[in-house]
1. How about segment 213-245: which of its residues are farther than 21 Å from Pro70 by Cβ and either in contact (Cβ under 8 Å) with a residue 60 or more places away in the chain or surrounded by 13 or more Cβ atoms within 10 Å (Cβ to Cβ) (or both)?
2. List the strands (runs of 3 or more DSSP E) that sit entirely inside segment 13-99 and contain at least 1 residues that are in contact with a Phe, Trp or Tyr (Cβ under 6 Å, 6 or more places away or on another chain) and among the basic types (Lys, Arg).
3. Filter segment 47-78 down to residues that are of a type in the set (Lys, Arg) and surrounded by 15 or more Cβ atoms within 10 Å (Cβ to Cβ) and give me whichever is nearest to Gly124 (Cα to Cα).
4. For Arg232, are the conditions met, namely being touching a strand residue (DSSP E or B) at 6+ places or on another chain (Cβ under 8 Å) and among the charged types (D, E, K, R)?
5. Please state which one of Pro187, Pro155 is at pLDDT 85 or above, buried (at least 17 other Cβ atoms within 10 Å of the Cβ) and more than 16 Å from the chain's Cα centre (by Cα).
Amino acid sequence: MDFSPFQKRFFTHMAHPQEFLALFEHLPGVFFLAKDAEGRFIAANSATLQRLGASDPAKFIGTSDANYVPEDLVKSFRDDDRQVIRTGKPLINRLEAWLGEQRELQWFLTTKLPIKGRRGRNIGVMAVIHRYEAERTHHNIQEAADAVAYLKAHPHRMLTTAALARAVGTSERNLHRKLQQALGLTPHELMLRIRIQTAAQRLVSSSDSLSDIALNHGFCDQSAFTRHFRQRTGLTPRQFRLRHQG
């Protein structure tokens, strides 16, 4: 975004430019954070501090994801951050896992934008995160919302992309395009994540064996289940169960 001369003069004369950050304190359900090029936090709203368990805002500044989330998620977050900083291109509405406060795996939509320095070089990244709501019905994401709702209603069905497209009343090509626009995912990846979310709920609410949960949620064996689960949550199924059960 290029500022007009009028905007530049206005921002130059602001006594406290950081006052813009106060806006994020008053947006319910929105998590805001900003990091430098090394991945260190430089700002966050209160909701983010609470979710990460950072009780002292002053001590939070200068820490990184590694202080708060599992190692595999740290790598995923850093890869995205570096991509945004390197290319200058935002990541819009990426659907990703963030461990919820009520013993459940939750999916959130994350949008990341580069932070530019005075010389035009990207010096960091800022992110806005909010919980994905399948009930939203805006026409641009209707197919995505319908696909998520259908998959959650039929978590144990093994579907092809063609079958999912038929179920939500659209073509394979259109479904693929809409999911990429709304969530940054292919239909196959969305199906995987919904199955993982449902499996995570079973991990917490039952004593079923890992192999049974894997097979009942469409994974060929426990090894495949563990690999996919860890790639998308930062924890193995066993670790997730121990952390959230009981």
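The values are calculated or read from the model by the stated rules, or taken from the named source; none is laboratory data. Computed from a predicted model, the values in this text were never measured in an experiment. Ideal geometry is used to build each Cβ from the backbone, glycine not excepted, and the neighbour counts take in all protein chains shown.
1. Leu215, Asn216, Gly218
2. 30-36
3. Arg78
4. Yes; evaluated as a whole, the condition is true for this residue.
5. Pro187
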